[in-house]
Amino acid sequence: MEKRYENSVSSRFEFYTLPELTEDERKPPEFIVDGMIPVGLSFLSGAPKTRKSFLALQLAAAVANGEPFLGFHTKQCSVAYFDLEGSKSRISSRAERMSRALPKTVLIANTVPHRLSDGLVDDICELVKQQTGIRLVILDTYSRARGQYRTGGANAYDADVALLEPLQRMAIAENISILCIHHDRKGAGFAADSFERLSGTMGISGSADAVLNLIASGKRFDGKATLEFTPRDARGGELHISFDENHGEWKNDGAVNENPLQNPVCRYLIENRPAKQKEGVFFPYDQIYEAAYGRFSDNPGPAIRAALTEATEPLFASYRIGVQQGVQSHGRRGIRVINLQ
């Protein structure tokens, strides 16, 4: 990129213009769990004893195996899981119950040499540089990883932001996802906003690229909950989930708000969307069907139209993708897709 303003104050700010960005710099934000957990810093919050750590372990297994997490597509990678409230015996007994084995690409530790307040950010950075396959780091819990942190004269909000900013920036710079398991604040059930459920100040949720809330259905945990997820750069949504005591795993009982990435047709369009342009690109029905469902159909049009009926608005709202159905081109039927992002 061309350097400018070398002899002016402006050079200190590293300004750039949009036309100067490369294709890689223009790419949309990447997700380790599609539409749910992005590259950057995320928080998963819930009340005590609501099986947050089981959910975190299940996430680690799904990502390491390249399998869906609660129905959401994952990007396969190695995982570093810091189980700072557990032990070798506890995590091994939990893993033995799970329906999917934890592979060797899930690295587990019960202690850390430093805290976020005094060197853990640098430790994680060195780890992912040495172990280049690691792209998901789970800190369970944030309170154990945090350490004592004070800034002279700063209020609690500013202190939270100052502590988390280096962690979030490092995650983006190294192209990894860091998920912090956290606790709800007292009285979280009366919170008007999901961001207000996290213990601590709004500086925590404000610093995060995604916030997930595990909300038990009743006053006492009965194995049923709602998982709310609010990423900065996607639509987000809610899932009804239930805990399977036999396997120590959470099951998706069905989406409350449909996420386009759960729809195989939408996922194909998102992954193959054209570059931003005024004119759309034609996709034949048979091409979409074979790519989305992995099989041939003599009459793919009705299935594709049905899949897009309820998804057109979420596609536009979350990804700025416009869809025109029933288009004919060179004797083939399909849709026209335009990228307005």
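None of the figures in this text is laboratory data; all of them are computed from the coordinates on show. Since this is a predicted model, take the numbers as computed values, not measurements. Note: ideal-geometry Cβ built from the backbone for every residue, glycine included; neighbour counts use all protein chains shown.
Under 5 Å between amide hydrogens, built in the peptide plane, is the criterion, and for ASP244 it picks out GLU249, TRP250, LYS251 among residues at least 5 positions away or on other chains. Given the alternatives (1) 37; (2) 61; (3) 43, percent of Cα pairs over 30 Å apart as computed for this entry is given by (3). Based on alpha carbons, the Rg and Dmax found for the stretch 71-176 are 15.5, 50 Å. Ordering of 129-142, 203-216, 81-94 by packing is 203-216, 129-142, 81-94, highest average first (other Cβ atoms within 10 Å, averaged per residue).
If packing is taken as the average number of other Cβ atoms within 10 Å across a peptide's residues, how do 47-59, 17-29 rank, most packed first?
Numbers: 47-59: 19.7, 17-29: 9.5.
Order by mean packing, descending: 47-59, 17-29.
Scalar couplings 3J(HN,Hα) for the stretch 47-61, obtained by applying the Karplus form with A = 6.51, B = -1.76, C = 1.60 to θ = phi - 60°, are 5, x, 6, 9, 6, 5, 5, 4, 5, 5, 5, 4, 4, 4, 5 Hz; x denotes Gly and Pro.
Here the stretch 109-139 and the stretch 8-71 have alpha carbon centers that stand 16 Å from each other.
What translational diffusion coefficient, in µm²/s and rounded to a whole number, does the Stokes-Einstein relation yield for the stretch 263-339 at 25 °C and a viscosity of 0.890 mPa s, taking the hydrodynamic radius as the Kirkwood radius over Cα pairs?
Value of D from the Cα-based Kirkwood radius: 198 µm²/s.
Taking each DSSP H run with n ≥ 4 as -39500 (n - 2.57) and averaging over every residue of the chain yields -8500 deg cm²/dmol at 222 nm. Among PRO314, LEU340, HIS330, which residue has its Cα positioned farthest towards the positive end of the charge dipole of the stretch 205-341, with +1 placed on the Cβ of Lys and Arg, -1 on the Cβ of Asp and Glu, and the dipole taken about the Cα centre? Of the options given, the answer is HIS330.
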